[in-house]
Amino acid sequence: MNPHLHKEIGYNISVEIAPKYLEEYIVIMEYFVTKIREEEGNIFYYVMSDHNQKAEGKFLYWGLWKDADAVQVHMESQYFHTYVPQLGQMCERFTVIELDRFL
């Protein structure tokens, strides 16, 4: 067994929001992030603006859950099923990277 393997699962998601949806996106994300942080299995969740891109509407999400079961609970939540499709329609581009804790 690899001594560096842990149960925590993280995600790094980058999104680019269409300018016409930016205000609506921010309102939804404020609620969405609050709900995520209330989840028992969530360790942390941040949404950060991407200053390297020097443009509005580019964000990075960074979240960590205690294990795969916690991620499953998150993805099966009512608010996830309500808001993820709406957020997806606002995105011009997105990338998801699943991360496993190493150290």
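Values quoted throughout were computed directly from the atomic coordinates according to the rules given, and no laboratory measurement underlies them. The model shown is predicted, which means the values in this text are computed figures rather than measured ones. A quick note on method: Cβ atoms are made from the backbone with ideal geometry, for glycine too, and the neighbour counts reach across all protein chains shown.
Overview of results
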| quantity | calculated |
| --- | --- |
| In the stretch 3-102, the chymotrypsin sites (Phe, Trp or Tyr not before Pro) that fall in loop regions by DSSP, at most 11 other Cβ within 10 Å | Phe102 |
| The stretch 32-91: GluC sites (Glu not before Pro) in DSSP loop, at most 12 other beta carbons within 10 Å | Glu40, Glu56 |
| Rounded tilt (10° steps) of 22-38 against the dominant C-alpha axis of the chain | 20 |
| The stretch 60-103 and the stretch 6-22: distance between their alpha carbon centers, rounded to Å | 7 |
| Helix 78-90 axis, angle to the chain major axis (alpha carbon atoms, nearest 10°) | 50 |
| Compactness relative to 2.2 N^0.38 Å, alpha carbon Rg of the stretch 9-100 | 1.05 |
| Helix-only mean residue ellipticity at 222 nm for the chain, each DSSP H run of n ≥ 4 adding -39500 (n - 2.57), per residue, nearest 500 | -12000 deg cm²/dmol |
